[in-house]
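These notes are about the structure you will find just below.
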There are 2 protein chains.
Amino acid sequence: MATIERPVHELAGLRPHDLRGAIRAGQWRRPTAGLAPGFTQANLAIVPRELAYDFLLFCQRNPKPCPLLEVFDAGDPESREFAPGADIRTDVPRYRVYRYGILTDEVDDITAYWRDDLVSFLLGCSFTFEHPLMDAGIRMRHIDLDVNVPMFTTNRTCKPAGVFHGPMVVSMRPIPQDQVVRAVQITSRFPAVHGAPVHVGDPLVLGIAAIEQPNFGDAVPVKPGEVPVFWACGVTPQAVMMQAKPELAITHAPGYMFLTDRRESELAVL
Amino acid sequence: MATIERPVHELAGLRPHDLRGAIRAGQWRRPTAGLAPGFTQANLAIVPRELAYDFLLFCQRNPKPCPLLEVFDAGDPESREFAPGADIRTDVPRYRVYRYGILTDEVDDITAYWRDDLVSFLLGCSFTFEHPLMDAGIRMRHIDLDVNVPMFTTNRTCKPAGVFHGPMVVSMRPIPQDQVVRAVQITSRFPAVHGAPVHVGDPLVLGIAAIEQPNFGDAVPVKPGEVPVFWACGVTPQAVMMQAKPELAITHAPGYMFLTDRRESELAVL
């Protein structure tokens with residue numbers, strides 16, 4: 001699209017509805033971190049109806065890495081629950097298209113790929129609980145360093161469902177020892193965006209031999225007096241999906257999330 | 001089955017695993033309330049694979065009335081998550097068999113009905129959160145009166161999914177005014193068994209004109225100084241399923257639940 005992108009400061013104050021409009025108009029083709037603070041950002045996964053039952057079952061059986069926010073009707077491109085009026089084919093700033101598990105295209109509009117049998121899944125993203133953590137004075141090392149959060153493939157196996165199976169992927173955040181309990185409490189309130197940590201402390205328990213060599217994202221240092229804390233990660237369903245090599249699968253590009261109208265506080269269980 | 005039933009006092013102290021053995025052996029053909037305190041009891045719904053996607057989607061879209069605990073693989077009769085080793089065809093004390101939405105049989109063994117395409121769903125039961133409520137000194141009127149909890153069809157519509165649609169059914173418990181906040185807090189910890197109330201106070205808000213005339217279960221009095229508190233109810237998925245008139249559906253008989261090995265405390269989110 002030949003539209004001129006708008007600068008950050010023009011979009012910073014916009015609500016999700018208007019941000020999606022700007023994205024649709026080609027005025028924003030960058031990662032969405034920091035946009036629409038307080039609102040839920042979602043992972044996107046689209047598969048043919050033929051695979052949708054297995055994928056839905058996989059998410060039901062693995063709610064920590066795959067917390068479902070919304071499942072669209074087959075062929076329906078509108079997010080009726082989390083962003084009424086939004087068109088999932090145009091309202092994400094960057095998509096990835098996979099054929100038989102191979103990345104074949106990275107595009108900013110998937111209208112040309114759309115079919116009546118495609119089912120869209122929105123899954124919770126841990127960007128959502130980073131806000132409440134920072135509000136509580138718990139700093140996010142990867143944000144301070146302006147890098148991506150480090151992610152690791154673990155020795156924990158997801159519960160399989162039909163064609164989908166694979167290991168759980170986790171994200172890691174170093175937390176000062178005296179803030180670990182608070183971090184557990186705060187994220188426990190948000191099961192819809194991965195919830196409480198899956199592990200606190202020794203990376204070897206998860207089969208992670210080198211904390212300085214993440215499988216995805218960027219390395220961040222764990223300083224003396226800090227504890228590595230691990231949360232189930234939304235990369236899990238993407239990795240599992242690619243391993244199943246579906247004839248067609250479409251996802252958002254990492255960091256280029258779908259912006260919903262749902263406030264993160266609405267997702268809190270308590 | 002011609003086996004002699006065992007008296008209550010013999011079973012009262014048994015763990016779920018042994019209780020299921022007694023049920024399988026025909027030694028218990030009564031409701032399960034009061035058995036295996038501290039362990040999760042589950043609603044059961046079984047449908048052909050052809051309908052399983054729509055039903056799974058319906059549960060995903062309506063987690064308050066339809067909190068999924070476990071979905072079995074098609075044709076698999078074993079509860080691999082909540083009660084490893086249990087056979088769902090023999091381990092429930094009474095089943096109901098429906099053909100095209102009509103109750104055709106009430107049996108204590110569904111082996112003869114079993115097919116390779118049947119998918120079993122376990123759903124949370126509010127029996128589970130009544131224990132923590134009573135532990136906090138909040139009395140359950142229907143238990144004090146030894147009657148079934150009163151249930152009402154409401155004016156709230158569930159989100160439809162495929163062939164499944166219908167109103168939300170709620171259960172009602174009268175709570176003294178000074179215990180309402182605590183009741184909300186306690187049940188909020190258990191989203192897997194219906195979670196927080198859907199409404200506190202005036203029944204008319206839910207379209208309930210006569211609190212003394214429940215649609216299911218038994219009437220209980222709401223005394224001066226008490227507030228009627230309403231929770232989403234597991235009768236919802238059964239009512240919705242019957243309305244869709246599937247060629248075959250099997251459920252537990254009301255009150256005759258599936259006893260799982262999972263402690264209720266394991267289901268608490270915080």
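Below are the figures for this structure:
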quantity	calculated
Karplus 3J(HN,Hα) series, Hz, for the stretch B:255-270 with 6.51 cos²θ - 1.76 cosθ + 1.60 (x for Gly, Pro)	x, 9, 8, 8, 8, 9, 8, 8, 5, 4, 5, 5, 8, 5, 7, 8
Disulfide-incompatible cysteines by the Cβ rule (no partner under 4.7 Å) in chain A	A:125, A:158, A:233
The stretch A:29-135 - Kirkwood radius from inverse mean 1/r over Cα pairs (Å)	14.9 Å
Environment charge at residue B:239 (Cβ cut-off 14 Å; Lys +1, Arg +1, Asp -1, Glu -1)	+3
Simple label model, 7 Å out from Cα along Cβ direction - residue B:147 to residue A:243, nm	5.4 nm
Relative contact order of chain B, pairs being alpha-carbon contacts under 8 Å that are 6 or more residues apart, as %	30 percent
GNM top mover of B:192, B:136, B:183 - chain B, alpha-carbon springs below 10 Å	B:136
Mean projected area (nm²) of the alpha-carbon convex hull when the stretch B:175-226 is viewed from all directions	4.2 nm²
Span per principal axis, largest first, for the Cα atoms of chain A (Å)	51, 45, 34
Kirkwood-based Rg to Rh ratio, the protein assembly as shown, C-alpha trace	0.98
Most mobile listed residue (A:164, A:39, A:216) in chain A, GNM with C-alpha springs under 10 Å	A:216
Helical mean residue ellipticity (222 nm; -39500 (n - 2.57) per DSSP H run of 4+; nearest 500) of chain B	-6000 deg cm²/dmol
Computed label-point distance, nm, for sites residue B:81 and residue B:202 using a 7 Å Cα→Cβ extension	3.9 nm
Long-range amide H partners of residue A:105 with built H, under 5 Å	A:97
Distance violations [Cα-Cα > 21 Å] among B:64/B:223; B:64/B:245; A:64/A:159; A:159/A:245	B:64/B:223; B:64/B:245
Positive-pole candidate from A:187, A:251, A:163, dipole of the stretch A:159-267, charges at beta carbon	A:163
Positive dipole terminus of chain B, leading residue within B:40, B:268, B:21 (C-beta point charges)	B:268
10 Å Cβ neighbours from other chains, averaged over peptide A:52-62	4
For the stretch B:132-238, the Rg and Dmax computed from alpha carbons only, in angstrom	13.6, 44
5 angstrom amide H check on residue A:70, placed H, neighbours 5+ away	A:122
GNM flexibility winner over chain B from B:28, B:114, B:231 (Cα, springs under 10 Å)	B:114
Residue A:29 versus residue B:226: modelled label distance in nm, points set 7 Å from Cα along the beta carbon direction	6.5 nm
For A:78, B:247, order by how many other beta-carbon atoms lie within 10 Å, fewest first	B:247, A:78
Residues residue B:136 and residue B:10, FRET efficiency given R0 of 22 Å [Cβ-Cβ distance, rounded to 0.05]	0.15
Mean separation of Cα contacts under 8 Å, 6 or more apart, over the residue count of the stretch B:127-236: relative contact order %	35 percent
Cα gyration tensor of the stretch B:200-264 - equivalent ellipsoid semi-axes, whole Å, descending	28, 18, 11
Protection proxy ranking of A:56-66, A:205-215 - average other beta-carbon atoms within 10 Å, highest first	A:56-66, A:205-215
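Taken together, the values in this text are just the output of simple stated rules run on the coordinates, not laboratory data. All values derive from a computational prediction rather than experimental measurement. In this analysis, Cβ positions are derived from the backbone assuming ideal geometry, glycine residues included, and neighbour counts consider all displayed protein chains.
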